[in-house]
Amino acid sequence: SSLSLHPPQQAPLVPTNSGGGGATGGVPGERKRTRLGGPAARHRYEVVTELGPEEVRWFYKEDKKTWKPFIGYDSLRIELAFRTLLQATGARRQGEDRDGDHVCSPTGPASSSGEDDDEDRACGFCQSTTGHEPEMVELVNIEPVCVRGGLYEVDVTQGECYPVYWNQADKIPVMRGQWFIDGTWQPLEEEESNLIEQEHLNCFRGQQMQENFDIEVSKSIDGKDAVHSFKLSRNHVDWHSVDEVYLYSDATTSKIARTVTQKLGFSKASSSGTRLHRGYVEEATLEDKPSQTTHIVFVVHGIGQKMDQGRIIKNTAMMREAARKIEERHFSNHATHVEFLPVEWRSKLTLDGDTVDSITPDKVRGLRDMLNSSAMDIMYYTSPLYRDELVKGLQQELNRLYSLFCSRNPDFEEKGGKVSIVSHSLGCVITYDIMTGWNPVRLYEQLLQKEEELPDERWMSYEERHLLDELYITKRRLKEIEERLHGLKASSMTQTPALKFKVENFFCMGSPLAVFLALRGIRPGNTGSQDHILPREICNRLLNIFHPTDPVAYRLEPLILKHYSNISPVQIHWYNTSNPLPYEHMKPSFLNPAKEPTSVSENEGISTIPSPVTSPVLSRRHYGESITNIGKASILGAASIGKGLGGMLFSRFGRSSTTPSSETSKDSMEDEKKPVASPSATTVATQTLPHSSSGFLDSALELDHRIDFELREGLVESRYWSAVTSHTAYWSSLDVALFLLTFMYKHEHDNDAKPNLDPI
């Protein structure tokens, strides 16, 4: 019978020549049998025949580790593709045999069975492509099999697995498992497995299996002699019965050990042999498939990707693995799935070529090269010459990945699939600028326009004033023409959005975005809406994740409401916390609620005004002050090297109503309720504070949604050492994984009513 590449349309999955007396009726998942050392597995066929597709299991090997089994759904489809390849090559081989052109593999054992078989057992290719002419394999077109939740494809003709959404230098080998080692259920090498399988069929095809199989598997075989033996290159296999097979090593040390143990009274089988099992411990079924992906997460890297190419792929793999563990533990009742895709945008950029490398001195070259490959990205981004190249590189890669995913999952958009972005370090800034369309050139044009509108109060002659009036009329006429032309263009073509998808959640990790926004003139507003820095129609939710000792990370909330600089960020729950309070129910609390002075001196007022972009240094975190200052200086220094226009814009636009030097920190918290206090005001009435004596913020001055979320410090970690490692500690954190999934699996209808719960 012909085998299809699409098993859902094929029933039954087992070919007609592979079923025994007990193979009829029911779905594949119902046929089980018990294996030694394994869970309840598949049905026992009564008569020895070829292994069915559900009995074979395919494996893959990553990073030169042990073989890992594909899930049943993937293994079945790979096996069906493999058998289709065998049938196609077998048909071609028969034609070539008639012409005398086909050269059979010398290692392929000749079939001694007289029974009819769909596959020609005289050729080794029926079990492996090894030994066949490569031209014959290339002419057979077998579509790659999509596996591992759609992230990889398997090419059965090459025996390789490769990723779909990113490039990877090392190919992942795959292997067809038929015979397995007892206990570990690791497959034998494919060449040996093929030879053993062929010998097994030659000797035992059609023989009846033991009726009491499930009992006999655990019974000792001491004293039994081998009914058949088969020699391999470095091993040999003994059959003590149809289903009692042992593998022995023919190495010298093994022979000595075997002789000694036999003289001591141990049997040959139990002394040094390894028990083998034919067919995998679990039967592959179509029901064993991954959940449908309803939410994809693009993971964007920051600086340093040039220094360690492929690092974002490894980091995303760590985040994906952590998310899998959290999904199994906390979200196993969901029928949906969140998938993480790495976005590698740096390696394709040319930028300045090797100009910077050519001007780099040779002394301490290793350190200089590291800085050129990491911190230099910040300078590139603040350069008006290369900034657009970085933006377009990330934008094109995001759109490419999304289009590719939708083409392979056509029902993703129809079923309301959502997209989130997780960005790290500088990647947060670039992603933000892509979503908002921020451009320094546009701000510079606004700056020039603002200067032109200012009246020139100096004395001018009649002729000079007349020329200026003509220039003004001409510019106004030119502006009208430009607007009409722009209107015609806009009516003829619609504006293409920067991204092909709406961003549901934008997670920033270790982000310096607040510093960049501050340098662009962003200042706190009067409302607690996220729209002040990122409109909700662009991104539904902005969340800023940082480690308390990460020197590159800064807070965003004080850029929306100034008094949030004295409000502690939300503490992210540990992943093993039982019954944690939902984040939307946690009320804001002040950093130092116990200290509420009613008056301050002028000098104290200057020192206690919190910065609008940084969290004040807490008494419990005084150890990190110097480190944070170092990080702040490095970020500001790098940003100022190429900011150019940023300095002008900062001086022009960045001057909002500044707080007088004698204003207290309590006054600054009242900015949202009343005008700036008089410079002579040095006292604050206790009853006007925007929080109660319990240290919690008045609900009228709260943000619509909290944005800053802080990881909890380890109890025994070195704080100065964590300042060095914390910037890259987000990828494998189970706390971060739980936090991300909490918001992605969030229930569809949010409960706007905030219960009056005590914060933790």
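The values are calculated or read from the model by the stated rules, or taken from the named source; none is laboratory data. Everything quoted here is computed from the prediction, not taken from an experiment. Reconstructed Cβ throughout: ideal geometry from the backbone, glycine too, with neighbour counts over all protein chains shown. Protein only, heavy atoms only, side chains kept; ligands, DNA and RNA dropped before computing areas. Shrake-Rupley method; radii C 1.70, N 1.55, O 1.52, S 1.80 Å.
So which GluC sites (Glu not before Pro) in region 272-369 end up in coil per DSSP with only 16 or fewer other C-beta atoms within 10 Å? The qualifying sites are 287. The distance between label points at residue 146 and residue 436 comes to 3.7 nm (points 7 Å beyond Cα on the Cα→Cβ vector). Across region 431-441, rounded Karplus estimates of 3J(HN,Hα) from the backbone phi angles (6.51 cos²θ - 1.76 cosθ + 1.60, θ = phi - 60°) give 4, 4, 5, 5, 5, 8, x, 5, 9, x, 5 Hz, Gly and Pro being marked x.
Could you sort out which of 68/325; 502/746; 314/500; 171/231; 61/289; 348/562 sit more than 29 Å apart by Cα distance in this structure?
Working: 68/325 17 Å; 502/746 17 Å; 314/500 26 Å; 171/231 32 Å; 61/289 20 Å; 348/562 40 Å.
With Cα atoms farther than 29 Å apart: 171/231; 348/562.
Ligands, DNA and RNA excluded, the heavy atoms of residue 71 present near 60 Å² of accessible surface to a 1.4 Å solvent probe.
Report the FRET efficiency, 1/(1 + (r/R0)^6), for residue 415 and residue 333, where r is their Cβ-Cβ distance and R0 is 22 Å, rounded to 0.05. The formula returns an efficiency of 0.70 here. Each label was represented as a point 7 Å from its Cα along the Cα-to-Cβ direction; for residue 231 and residue 571 these points are 7.2 nm apart.
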